[in-house]
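Every number here is computed from the coordinates shown, using simple stated rules; none is lab data. Here the structure is a predicted model, which means the values were calculated and not measured. No Cβ is skipped: glycine too gets one built from the backbone with ideal geometry, and neighbour counts run over all protein chains shown.
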Ligand SMILES: [Zn+2]
């Protein structure tokens with residue numbers, strides 16, 4: 001009995017102790033939960049993750065707050081238990097990752113300014129967080145849904161054309177940067193009046209085309225080489241999707257060599273990389289001093305597209321066609337005896353690299369700028385090999401050939417069949433460009449043949465009716481341009 005009593009007493013005593021322990025533990029839990037609540041409330045403040053997803057401004061504000069009271073935070077952390085610290089760090093990680101995903105969505109949306117929805121979606125799908133891939137993060141899944149919906153609203157070729165063969169390909173020579181020098185009445189003024197376009201006119205043309213919905217595309221997006229199941233390659237029309245009303249077009253510039261004969265006539269003298277890392281031009285003034293500025297198409301169009309990214313499909317700019325007999329891009333890399341020969345070769349390589357990064361492509365305009373229809377097979381073979389060796393080795397491989405004077409290697413309206421064609425194809429060329437007054441194109445299994453429309457003085461003054469579909473020439477023609485003098 002006494003034993004039973006003792007055991008009952010012990011039981012009662014231990015039940016009491018258990019209750020006390022439970023009470024203490026509960027108290028401790030309340031204190032812990034309370035302090036955690038205070039900390040997390042402090043952290044959360046205007047930073048509810050559900051809200052943050054749509055509100056980057058809040059997030060930025062919060063980041064600044066965190067930075068500004070970093071000292072206070074350290075003190076707080078010192079007073080935390082390991083568990084609390086861990087919870088805090090976890091919370092911080094989550095917030096950091098939310099911000100990361102926010103940034104990723106913003107980066108992806110930038111691509112859509114130039115219609116690269118596939119690239120944007122791909123970018124988001126490449127995300128890998130601690131919890132898993134993009135599919136476990138609602139913000140990313142929603143962003144993709146949103147991008148896919150917008151992509152759905154795009155139409156093939158902007159609905160403006162039914163075939164890539166209807167696209168315009170326009171071309172220019174070096175722009176006249178100083179009208180008073182180009183049109184000074186000396187022996188080459190007439191040539192400049194016929195074949196050149198002034199900066200004033202180029203800027204008006206781009207503005208007008210932009211307002212009309214034109215969008216720069218690369219010939220490599222216009223026609224793509226695909227390989228079938230048998231390993232056979234062929235060219236097929238590119239699938240360029242744009243908002244309704246947009247009109248894809250290609251731009252090129254010939255003879256981007258800044259020839260000696262143009263010196264002192266108001267043209268750029270070469271392309272350089274400016275202090276901001278972007279391509280720009282140099283021009284030599286009368287007193288021999290050199291100034292940098294937007295004196296030709298490259299820096300002018302780059303700035304225009306920077307301001308209007310929707311003027312370019314996937315960042316495309318234009319094709320720069322180079323001859324070789326006076327070097328490239330204004331550097332006399334044709335002359336091994338030049339004291340700056342090696343240095344100029346390195347500079348051209350670097351300038352070409354930056355130009356390509358900025359959406360520009362290169363074409364051969366032949367080495368010696370001769371009529372390729374009239375010249376013999378052997379001449380064209382030697383000339384092409386020389387271009388590849390002296391220019392191609394600097395600007396890199398290209399499969400674009402722009403015929404000198406716009407004169408094709410063949411007059412056929414069928415399939416190219418000459419030895420010249422087979423040689424050029426073998427040398428790596430796939431895109432062949434002549435000149436015509438309106439869009440014309442052949443898309444064959446083994447090559448693309450596309451003519452280009454000149455937008456020069458001759459077209460504006462002598463054949464204005466040919467440009468009616470593109471411009472209201474009254475608004476385009478430079479008031480400083482002489483009237484037709486040929
Ligand atoms: Zn030319």
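Tabulated values for the structure
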| read-out | value |
| --- | --- |
| Estimated distance in nm for a label pair at residue 307 and residue 151, the labels positioned 7 Å out from Cα along Cα-to-Cβ | 3.2 |
| Estimated FRET transfer efficiency when R0 is 30 angstrom, pair residue 483-residue 411 (beta carbons, to 0.05) | 0.30 |
| Beta bridges per DSSP with both ends in segment 189-339, % antiparallel, nearest 5 | 65 |
| Alpha-carbon centroids, segment 143-164 and segment 354-413: separation in whole Å | 35 |
| Likely footprinting exposure, 326, 97, 211, fewest C-beta neighbours within 10 Å first | 211, 97, 326 |
| Segment 333-486: C-alpha gyration tensor shape, a/c 1.5 cut-off, then a/b vs b/c | oblate |
| Debye-sum result for segment 156-476 in log10 I(q)/I(0), which assumes one identical scatterer on each alpha carbon, at q = 0.08, 0.14 Å⁻¹ | -0.35, -1.16 |
| Ranked 354, 272, criterion: other C-beta atoms within 10 Å, fewest first | 354, 272 |
| Neighbour-count ranking [beta-carbon atoms within 10 angstrom, fewest first] of 450, 413 | 413, 450 |
| Label-point separation in nm, residue 165 to residue 346, each point 7 Å along Cα→Cβ | 5.0 |
| Segment 390-486: antiparallel DSSP beta bridges as a percent of all, rounded to 5 | 35 |
| Cα shape, segment 209-334, gyration tensor, a/c 1.5 rule | oblate |
